[in-house]
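Notes for the one structure printed next.
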């Protein structure tokens, strides 16, 4: 990997490593060079190679100083010497950075301080400097003094029609467009902007051409903290090269509710300690790469059955249960050095009995639990304030004011940014917010900006961006995570790898939950050509909840004509959808094919893409391979596994009913050539 441009990494830092609750500071340049030569993989010495290629032993459960922490330490120490970006712990600013924070805070008016609490959004698409979109953004950062920005991908307007809409409004943005717009908005801002993004699966979560990792649950199935740390480091390097400083990741929610419609594969799994260990490794990787890490969604969104994009979930568990499960990964993440926490739009009566009061508006949760009990003094962000869990409760001005009064530092993605500012100003004028309280938030914000070196340089180099973003070395790490995550749940007839010669006729069924909303990547677009590369005679059929019963029956009748049947089942838990199941008629078809192929002796293999809990209503199928993700990378890995080209050793990070407990998984070695 090529070093990121020096313009985004010039801040000088001292070594600051969090181990349990202890902080150790200070290291000499000579020791940093020794660590670089002895411990850091050849990420700096040999351009274009990932540090992953130097195998570093890792303890599977985080101890006081595991091996992957040593790598992070070495990168933190060596960063100022080698031109790499480096993050610092709270309070770890050098004298010049601290002076900048103090001077800036002193010169800001109260109105300007309030502006720093706001985080509007922008899309990573081409935006002319002579456009209404640019004028609106420039006014938010210039005239209103917004303190940060959150980046999203592209969006295409949809017609509001009934019955058969299958359009997708969400798409990926462009890294050059993102960096260009960030540079221009940084120049327009009186105070440097703290730019954030949801890079949960790497920069590819929002931007095309960048590195995309599988979802967090795949890391849980692979079970290697070293891979999580490396994913964090790569994500940080690519983000900083584009001018993004804060990653709203990792998700540390414990997904112990199979009907959770919004977290699901975004979680590392259902075991709190394992989630905490993998999240800690990821945090250390992010910080080693010079990015601020955010644990979310506090105090835990894993055991909900309502999508907070659509409504307000309520968790009724007692405090004892929250301490034992939900809060465990947050404690681990904070101990690992998390720079920020994002709260959840969820109601928890055990923590705050006030009716209709999500954590977003709760002083007992934000100030009492997070700040005082957990002693967290980093940044606290709201989740998107456009989510219906809060946007349907109160107006944007009231929502922003209540969030800051509760203890948040930055208000994210308001439905009306100007109204949000007005609401906070009104709260200050009414005495509900003191200037001293606002100063504490602004100092945290300015300190985070100084740790990112923004007091010295705001712009990133567009010329250097391609040397860092989307490299083959980064893709190789993502590929390994994807392959090592694959989990074989069943193989009753010994058909994985698929026992079919190259000239066999294959029926491939691409079975979708519903056909709408696939703008980021059409299902099976990679899996089909990968199958065809190994078995040229492939007939591919797409089925969904809109497929007539007559066509479903026709598929069943024609299946017996083929030498083997492979099904790819795609079930999502997408935000705002509230859906997470397969149509009953499609599930019935797969079960019927299981019986038919047993009679005919045809191999029948099913690959689950996305929601792994789909296995619960498909447990009668003879062979089930779980991938935990979607799109090109995961589809290519699944095809290699079905063909017997790679080993299968993944283990379930969640339980899928009685048939498939936590930790279950069958092993397969590659087939003989």
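Scanning the range 361-399 for residues that are in contact (Cβ under 8 Å) with a residue 40 or more places away in the chain, in a helix (DSSP H, G or I) and within 25 Å of the chain's Cα centre (by Cα) yields 361, 365, 366, 369, 370, 388, 389, 390. Per the listing 355, 415, the residue uniquely touching a helix residue (DSSP H, G or I) at 6+ places or on another chain (Cβ under 8 Å), assigned by TED's automatic domain parsing to the domain that holds residue 338 and in a loop (DSSP other than H, G, I, E, B) is 415. Among the residues of the range 414-441, the ones that are crowded, with 20+ Cβ neighbours inside 10 Å and farther than 21 Å from residue 105 by Cα come to 4 in all. Selection of first residues in the range 429-441 that are in the same structural domain as residue 410 (by TED's automatic domain parsing) and of second residues that are part of a loop (DSSP other than H, G, I, E, B) and surrounded by 12 or more Cβ atoms within 10 Å (Cβ to Cβ), restricted to Cβ pairs under 8 Å at least 6 apart or on distinct chains, gives the following pairs, ordered by first then second residue: 438/117; 441/116; 441/117; 441/408; 441/409. Among the residues in the range 151-166, are any at pLDDT 95 or above, over 24 Å from residue 474 (Cβ atoms) and in contact with a helix residue (DSSP H, G or I) (Cβ under 8 Å, 6 or more places away or on another chain)? No: the range 151-166 contains no residue that is at pLDDT 95 or above, over 24 Å from residue 474 (Cβ atoms) and in contact with a helix residue (DSSP H, G or I) (Cβ under 8 Å, 6 or more places away or on another chain).
Candidates in the range 248-266 are the residues that are closer than 16 Å to residue 332 by Cβ and in contact with a strand residue (DSSP E or B) (Cβ under 8 Å, 6 or more places away or on another chain); of these, the one that is surrounded by the most Cβ atoms within 10 Å (Cβ to Cβ) is 252.
Residues are listed down the side, and each one gets a yes or a no for (1) within 30 Å of residue 607 (Cα to Cα); (2) surrounded by 17 or more Cβ atoms within 10 Å (Cβ to Cβ); (3) in contact with a helix residue (DSSP H, G or I) (Cβ under 6 Å, 6 or more places away or on another chain); (4) in the same structural domain as residue 204 (by TED's automatic domain parsing):
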site: 444; (1), (2), (3), (4): no, yes, no, yes
site: 449; (1), (2), (3), (4): no, yes, no, yes
site: 461; (1), (2), (3), (4): no, yes, yes, no
site: 464; (1), (2), (3), (4): no, yes, no, no
site: 472; (1), (2), (3), (4): yes, no, no, no
site: 494; (1), (2), (3), (4): yes, no, no, no
site: 498; (1), (2), (3), (4): yes, yes, yes, no
site: 502; (1), (2), (3), (4): yes, no, no, no
site: 505; (1), (2), (3), (4): yes, no, no, no
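State whether one or more residues within the range 525-541 are part of a helix (DSSP H, G or I), closer than 26 Å to residue 304 by Cβ and in contact with a strand residue (DSSP E or B) (Cβ under 7 Å, 6 or more places away or on another chain). Checked the range 525-541: no residue is part of a helix (DSSP H, G or I), closer than 26 Å to residue 304 by Cβ and in contact with a strand residue (DSSP E or B) (Cβ under 7 Å, 6 or more places away or on another chain).
Restricting 146, 188, 97, 138 to residues that are assigned by TED's automatic domain parsing to the domain that holds residue 441, in contact with a helix residue (DSSP H, G or I) (Cβ under 6 Å, 6 or more places away or on another chain), without any contact (Cβ under 8 Å) to a residue 60 or more places away in the chain and over 19 Å from residue 462 (Cα atoms) narrows the list to 138. Assigned to a loop (DSSP other than H, G, I, E, B) and touching a residue at least 12 places away in the same chain (Cβ under 8 Å), is that true of residue 129? So residue 129 fits the description; yes.
When you scan the range 549-556, do you find a residue that is closer than 18 Å to residue 635 by Cβ and either assigned to a loop (DSSP other than H, G, I, E, B) or at pLDDT 95 or above (or both), even just one? Checking the range 549-556: not a single residue is closer than 18 Å to residue 635 by Cβ and either assigned to a loop (DSSP other than H, G, I, E, B) or at pLDDT 95 or above (or both).
Considering only residues in the range 205-232 that are buried (at least 24 other Cβ atoms within 10 Å of the Cβ) and either closer than 26 Å to residue 129 by Cα or free of Cβ contacts under 8 Å to residues at least 12 places away in the same chain (or both), the one that is nearest to the chain's Cα centre (by Cα) turns out to be 206.
The values are calculated or read from the model by the stated rules, or taken from the named source; none is laboratory data. Because the structure is a prediction, the values reported are computed rather than measured. Because the Cβ atoms are built from the backbone with ideal geometry, glycine has one as well, and the counts that use them run over all protein chains shown.
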